[in-house]
Amino acid sequence: MILIADSGSTKTEWCIVNVESRSYESCHTSGINPLYQQEESINLLLQREFTLRVPALDGIFFYGAGCINDQVKDIVRNSLNQFFRCSSVMIQSDLMAAAHSLCQNREGIACILGTGSNSCYYNGHEIARHVSPLGYVLGDEGSGAVIGKKFMADLLKKQLPVPIADRFYQQYPLTSDQVLENIYKKPFPNRFLAQFTRFIHENIHENSLKNLVKESFNEFFTLNIRQYPEAQKLPIHFTGSVSFYFKDLLQESAAESGFQTGMITRSPMEGLINFHTNL
């Protein structure tokens, strides 16, 4: 039995997998990001939210946002060791989760478009080339956080059509002070901003919102994918809720940018189960 976890900034999907039968059961918790959380808060989160009965595990494979160096990986490893009592814990980035899920053991361009964004050229064994996403303040083009940031800036500066603004405030009765407090003073401002992609998706027939999303996707291809020479001959694979729900606009933007899209999945978990059971 193994445990596979795919963790973004917003949520974590956990699957306990019987390798022989390939059967599994899963649950979700809040996101785990060691750049913002310490061992104690991760343990408390697991105690509150992890709902599966835990069998004796042969190994844990945790893929997570923020798992960028040994120091932060140890925060997650120690927490998982303490909670699950399993000494075999592999910690890798959420980008490697995308590569393993979308490409398996083949080369390809693997991308994440969720709360944040990321991309890489995967040679079938390892991430061979990577353009740093830089986070939602300096980068993360095409992500939910950046699309939400662009939307909120247009809303507060009265750049959106009045009917759209009125519709938003009916659904989200927020004041500008509350918005600024959530962005500048409270934890996880990226989650706060990304939540508004739901409203944007519900109203994507409005040209102003459609153009906003398309512009962010165009920036993702220009500033990230164009830097991989291999992208000219390989399909571009995506995982994450933003890529999945805005699939049509993403494919349109890719074609106009000269790229071919491949797989587009909501979550990497199914591919990760295939990857680890095939091993």
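The values are calculated or read from the model by the stated rules, or taken from the named source; none is laboratory data. The structure displayed is predicted, hence computed values, not measured ones. Glycine also receives a Cβ, built like all others from the backbone with ideal geometry; neighbour counts cover every protein chain displayed.
Hey, can you tell me all the residues within the range 209-233 that are in a helix (DSSP H, G or I) and under 23 Å from G271 (Cβ atoms)?
Step one: of the range 209-233, the residues in a helix (DSSP H, G or I) are 209-223, 225-227, 229-232.
Result: F217, F220, F221, I225, E230, A231.
Give the number of residues within the range 18-74 that are under 15 Å from D94 (Cβ atoms), touching a helix residue (DSSP H, G or I) at 6+ places or on another chain (Cβ under 8 Å) and among the hydrophobic types (A, V, I, L, M, F, W, C).
Final tally of qualifying residues: 6.
Do we find that Y136 is free of Cβ contacts under 8 Å to residues at least 24 places away in the same chain and in contact with a helix residue (DSSP H, G or I) (Cβ under 9 Å, 6 or more places away or on another chain) in this structure? Quick ask: steps written out before the conclusion?
On the way: free of Cβ contacts under 8 Å to residues at least 24 places away in the same chain: no; in contact with a helix residue (DSSP H, G or I) (Cβ under 9 Å, 6 or more places away or on another chain): yes.
Here the answer is no, as Y136 does not meet what is asked.
Scanning the range 26-53 for residues that are of a type in the set (S, T, N, Q) and under 15 Å from the mean Cα position of the chain (by Cα), which turns out farthest from A65 (Cα to Cα)?
Among those residues, the one meeting the criterion is T29.
Considering only residues that are surrounded by fewer than 17 Cβ atoms within 10 Å (Cβ to Cβ) and either in a helix (DSSP H, G or I) or at pLDDT 95 or above (or both), look in the range 234-248 and name the one that is farthest from the chain's Cα centre (by Cα). Lay out the reasoning, then the answer.
The initial filter retains those residues of the range 234-248 that are surrounded by fewer than 17 Cβ atoms within 10 Å (Cβ to Cβ), namely 235, 244, 247-248.
Of the ones still in play, those that are also either in a helix (DSSP H, G or I) or at pLDDT 95 or above (or both) are 244, 247-248.
On the way: F244: 11, K247: 15, D248: 19 Å.
Of everything passing the filter in the range 234-248, D248 is farthest from the chain's Cα centre (by Cα).
Taking the range 1-38 only, how many residues are in contact with a Ser or Thr (Cβ under 8 Å, 6 or more places away or on another chain) and in a strand (DSSP E or B)?
13
Take residues that are surrounded by 24 or more Cβ atoms within 10 Å (Cβ to Cβ) and tell me which of the helices (runs of 4 or more DSSP H) falling wholly in the range 84-198 contain 3 or more.
Numbers: elements: 94-103, 135-138, 144-156, 162-171, 176-184, 189-194.
Hits in the range 84-198: 94-103, 144-156, 189-194.
Picking from K150, K186, which residue would you name as being modelled with pLDDT of 95 or more and either on the phi > 0 side of the Ramachandran plot or not hydrophobic (A, V, I, L, M, F, W, C) (or both)?
On the way: K186 fails: modelled with pLDDT of 95 or more.
Being modelled with pLDDT of 95 or more and either on the phi > 0 side of the Ramachandran plot or not hydrophobic (A, V, I, L, M, F, W, C) (or both) holds for just one of K150, K186, which is K150.
Can you tell me which residue in the range 14-41 is surrounded by the fewest Cβ atoms within 10 Å (Cβ to Cβ), limited to those that are touching a residue at least 24 places away in the same chain (Cβ under 8 Å) and within 20 Å of P189 (Cβ to Cβ)? Can you show your working first?
Just the residues of the range 14-41 that are touching a residue at least 24 places away in the same chain (Cβ under 8 Å), to begin with: 14-17, 19, 22, 24-27, 31-39.
Next, from what is left, pick out any that are within 20 Å of P189 (Cβ to Cβ): 31-38.
Numbers: G31: 22, I32: 26, N33: 26, P34: 25, L35: 14, Y36: 15, Q37: 22, Q38: 11.
Only one residue tops the list, namely Q38.
For the range 42-73, which positions are free of Cβ contacts under 8 Å to residues at least 24 places away in the same chain and among the basic types (K, R)?
Residues of the range 42-73 free of Cβ contacts under 8 Å to residues at least 24 places away in the same chain: 44-45, 48-49, 53, 69-71.
Within the range 42-73, R48, R53 meet the criteria.
If N78 meets every condition in (1) surrounded by fewer than 22 Cβ atoms within 10 Å (Cβ to Cβ); (2) of a type outside the set (F, W, Y); (3) part of a strand (DSSP E or B) apart from one, which number is that one?
The failed condition is (3).
Could you look through the range 249-266, keep only residues that are of a type in the set (S, T, N, Q) and closer than 19 Å to D140 by Cβ, and pick out the one that is surrounded by the fewest Cβ atoms within 10 Å (Cβ to Cβ)? Reasoning before the result, please.
Step one: list which residues in the range 249-266 are of a type in the set (S, T, N, Q), which gives 251, 253, 257, 260-261, 265.
So of that shortlist, the ones also closer than 19 Å to D140 by Cβ come out as 253, 257.
On the way: S253: 23, S257: 16.
Of everything passing the filter in the range 249-266, S257 is surrounded by the fewest Cβ atoms within 10 Å (Cβ to Cβ).
Identify, please: which residue in the range 3-13 is small (G, A, S) and under 21 Å from S88 (Cα atoms) and is, among those, surrounded by the fewest Cβ atoms within 10 Å (Cβ to Cβ)? Explain how you work it out, then say what you get.
Keep residues of the range 3-13 that are small (G, A, S), which gives 5, 7-9.
After this cut, where a residue has to be under 21 Å from S88 (Cα atoms) as well, the list is 5, 7.
Details: A5: 22, S7: 24.
Filtering the range 3-13 for residues that are small (G, A, S) and under 21 Å from S88 (Cα atoms), the one surrounded by the fewest Cβ atoms within 10 Å (Cβ to Cβ) comes out as A5.
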